[in-house]
Amino acid sequence: MYDYVDRPVASLNHGGQLLVWAMRRWVEAMRARTCPAAPIAPGFARWRLLGALPPFLRMMALFNRHGRETFGFCALTCPQVSEHEALIVALVGDLGQRPASAIRHSVELLVEEDAVGPLTLCLMQLGQTLAASDLQPCRLRLDHHTGPAHPGGIPGG
């Protein structure tokens, strides 16, 4: 998580940027009392990740309904990654690098007991889909002279 929190969104790879963008769009849609799938689906489609949309939407709903605390997300235009955005990006990014039991333990700290299994499954499905497309979230090295190691911008935005 500390690799991402308060860092520029542009310092994330495209998978991390997509997740941050999608989280923020989900929050916007929920505030507007509209279905979050409609504004998020085009971003996932752009990256040929429509299979990741259902677990992403379910993940967000589980965090929203069963979170042990209220999660904080930045506005779409915010250039920094919030603490809770960083937490979610790190969970998805760590899936191939940490044992499932460690991921589950992290999830137990974030949501009520009834949501641990379903949320862990959503995270695994989302992470597998992103990894299969070579979009598993990670932080890119920033070059102090030229900026991000890839073109900036939030995918799907």
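Among the residues here, Glu85 qualifies as within 20 Å of Val5 (Cβ to Cβ), modelled with pLDDT of 90 or more and charged (D, E, K, R). Restricting attention to the stretch 54-101, the residues being assigned to a loop (DSSP other than H, G, I, E, B), free of Cβ contacts under 8 Å to residues at least 24 places away in the same chain and of a type in the set (A, V, I, L, M, F, W, C) number 1.
In this structure, does Thr34 turn out to be surrounded by fewer than 13 Cβ atoms within 10 Å (Cβ to Cβ), outside any helix (DSSP H, G or I), modelled with pLDDT of 95 or more and not aliphatic (A, V, I, L, M)?
yes
Among the residues of the stretch 1-39, the ones that are touching a residue at least 24 places away in the same chain (Cβ under 8 Å) and either closer than 15 Å to Asn64 by Cβ or of a type in the set (Lys, Arg) (or both) come to 10 in all.
Residues Leu91, Leu119: which one is within 23 Å of Leu62 (Cα to Cα), surrounded by 13 or more Cβ atoms within 10 Å (Cβ to Cβ), within 14 Å of the chain's Cα centre (by Cα) and at pLDDT 95 or above?
Values: Leu91 fails: at pLDDT 95 or above.
Of Leu91, Leu119, the one residue that is within 23 Å of Leu62 (Cα to Cα), surrounded by 13 or more Cβ atoms within 10 Å (Cβ to Cβ), within 14 Å of the chain's Cα centre (by Cα) and at pLDDT 95 or above is Leu119.
When the stretch 42-58 is filtered for residues that are out of contact with any Pro (no Cβ under 9 Å at 6 or more places or on another chain) and buried (at least 18 other Cβ atoms within 10 Å of the Cβ), the ones remaining, listed by number, are Phe44, Leu49, Ala52, Leu53, Pro55, Phe56. Taken over the stretch 96-119, the criterion of being more than 20 Å from Tyr4 (Cβ to Cβ) and of a type in the set (Val, Ile, Thr) is satisfied by Val116 alone.
For (1) under 24 Å from Thr120 (Cβ atoms); (2) at pLDDT 95 or above; (3) of a type outside the set (Asp, Glu), each residue gets a yes or a no:
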site: Arg7; (1), (2), (3): no, no, yes
site: Ala29; (1), (2), (3): no, yes, yes
site: Pro54; (1), (2), (3): yes, yes, yes
site: Leu62; (1), (2), (3): yes, yes, yes
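Comparison of Ser82, Ser133 shows that the only residue that is polar (S, T, N, Q) and more than 13 Å from the chain's Cα centre (by Cα) is Ser133.
The values are calculated or read from the model by the stated rules, or taken from the named source; none is laboratory data. This is a predicted model, so every value here is computed, not measured. Cβ sites come from the backbone with ideal geometry, for glycine too, and all protein chains shown count toward neighbours.
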